[in-house]
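Undergrad: My structure is below; once you've seen it, I'll send some questions.
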């Protein structure tokens, strides 16, 4: 099935569609990024990087 | 002899701007002076308003070639037109910013999206006015993201002819946020809500801070290619900061380069405020819609935080929602100051930085989706 790319029409209805879809997707993407950030504490189980070791690394 | 002398004097006067100065020029010079007054007397974002105000005054002095091809202000503006300056600003912002508050409390990130309803209110109102196309309405709406470089970036893609008005509205309102936001915040919250103290966030390790820019750069390039140049540069600057090994590069990006770019940017924005281009009815409408977008964004952020409180055991201070509007760190500072007035021991600044930084991503994501929906790459 070929899905043709569509853009929002230049009408008031188009503005409503753009606003609702954009707002909803923004929330979903931000929420998805926050889910990724919830996993960040697990990185600390991989090891520890100290500021001193980085600063003395060059 | 006298006739010759008079003729000579007249031709000299002709070469000055005295004969072509208009009432519009004088009005815009007063506008520039007001911006400088706000910066100097009221201390509203002098780093932004001084350059904008000065360039606004100079650009309205007829006879000056600064804004004409060959003039320095003209080339400063070319940096904006060619979308070179906004990513460089983001590089500097990344090198200056500690994303720790956002990483430590991901639950507040959603406020960075909630505080962007103002964008969409402005889009709908712009379209309702019948004066703007959908792409112009989108560019006007992005003023509500309260993120200058992002507003410039999106406008250059959607409606480059509206750049002067949109850039001026975005930067002026950002500078005036300490005036715009507090009444909205107070209207929507009770004294008890504004006094809520936040619990301490967890410490964020160096490893997390180093991994963060790589993860975000990958996600944004993958999901939101239209705004990838800005966020990628933001993350590059942040990576330089967090690895601690290239302090010289991080300092250059955060200080020297940032200062040069700030001067260039503010001068470029101010130089677009020439009366003949700026003083139109559409400008007034755009400024009005921009203000509505800022107020709407502040309100939706606070309301978003209050909705979150309905589902949380540990309540958050709803003022944090207003910081989700981006404009780092101005919005976080406003939330902190408003909270401090209710409770002098309530230091909200670091807690507000989380949603504030999330707001940067919120604006970028909204802008990226908007560009994609409107078929602009």
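All of the numbers you see were taken from the coordinates with simple rules; none came from a lab. What you see is a predicted model; the values in this text were computed from it and never measured. Here Cβ is always computed from backbone atoms with ideal geometry, including for glycine, and neighbour counts include all displayed protein chains.
Undergrad: If each residue of separation counts as 0.36 nm, what is the full-extension length gain between residue B:200 and residue B:345 once their alpha-carbon separation is subtracted?
TA: This chain segment gains 50.8 nm when fully extended.
Undergrad: Need one value for B:125-138: mean number of C-beta atoms belonging to other chains within 10 Å of its residues' C-beta atoms.
TA: 3
Undergrad: Here is a follow-up. With the cut-off at 33 Å, report for chain B the share of all Cα pairs above it, as a whole percent.
TA: The proportion of pairs with Cα distances above 33 Å equals 31 percent.
Undergrad: Here's another thing I want to ask about it. Binning at 5 angstrom from zero up to the longest distance, how are the C-alpha pair distances of the range B:218-377 distributed in percent?
TA: Once binned at 5 Å, the Cα pair distances of the range B:218-377 give 2, 8, 11, 13, 17, 19, 15, 10, 5, 2, 0, 0.
Undergrad: Express the relative contact order of the range B:1-134 as a whole percentage, based on alpha carbon pairs under 8 Å and six or more residues apart in sequence.
TA: Reported as a whole number, the value is 15 percent.
Undergrad: Considering every Cα-Cα pair within the range B:290-361, what fraction, in whole percent, is farther apart than 15 Å?
TA: Tail of P(r) above 15 Å: 50 percent of Cα pairs.
Undergrad: How would you order B:156-165, B:267-276 from highest to lowest mean count of nearby Cβ atoms within 10 Å?
TA: Going from most to least packed, we get B:267-276, B:156-165.
Undergrad: How high is the FRET efficiency between residue A:46 and residue B:248 when r is their beta carbon distance and R₀ equals 25 Å, given to the nearest 0.05?
TA: Efficiency at R0 = 25 Å is approximately 0.30.
Undergrad: For a quick check, take a GNM of chain B with Cα springs below 10 Å and name the residue from B:168, B:204, B:83 with the largest mean-square fluctuation.
TA: B:204
Undergrad: Counting partner chain Cβ atoms within 10 Å of every residue's Cβ in B:103-114, what's the average?
TA: 5
Undergrad: Of the residues B:354, B:71, B:141, which exhibits the maximal mean-square fluctuation in a Gaussian network model of chain B defined by a 10 Å Cα contact cut-off?
TA: B:71
Undergrad: To continue, here is another question. Hey, could you get me the Stokes-Einstein D for the protein assembly as shown, Kirkwood radius over alpha-carbon pairs, 10 °C and 1.306 mPa s, rounded to whole µm² s⁻¹?
TA: The calculation lands on 70 µm²/s.
Undergrad: Sort B:101-109, B:282-290, B:25-33 by the packing proxy (mean of other Cβ within 10 Å over each peptide's residues), most packed first.
TA: For the peptides B:101-109, B:282-290, B:25-33, the packing ranking is B:101-109, B:282-290, B:25-33.
Undergrad: Report the gain in length on full extension from residue B:2 to residue B:281: 0.36 nm times residue separation, minus Cα-Cα distance, nm rounded to one decimal.
TA: 95.7 nm
Undergrad: If you don't mind, another one. Would you mind putting B:187-198, A:35-46 in packing order, based on average other-beta-carbon counts within 10 Å, highest first?
TA: Final packing ranking: B:187-198, A:35-46.
Undergrad: Express the relative contact order of the range B:255-341 as a whole percentage, based on alpha carbon pairs under 8 Å and six or more residues apart in sequence.
TA: 19
Undergrad: Right, next: Return the ratio Rg/(2.2 N^0.38 Å) for the range B:56-130, where Rg is computed over Cα atoms only.
TA: 1.72
Undergrad: For chain B, what does the helix formula give at 222 nm: sum of -39500 (n - 2.57) over DSSP H segments with n ≥ 4, over the residue count, nearest 500 deg cm²/dmol?
TA: The helix contribution divided over chain B gives -22000 deg cm²/dmol.
Undergrad: Can you give the average number of partner chain beta-carbon atoms within 10 Å of each beta-carbon in peptide B:216-224, as a whole number?
TA: That average works out to 2.
Undergrad: Please give the direction-averaged projected area of the C-alpha convex hull for chain A, in square nanometres with one decimal.
TA: 9.0
Undergrad: Right, something else. Pairs of Cα atoms under 8 Å, at least six residues apart: use those to get the relative contact order of chain B, whole percent.
TA: Relative contact order of chain B: 29 percent.
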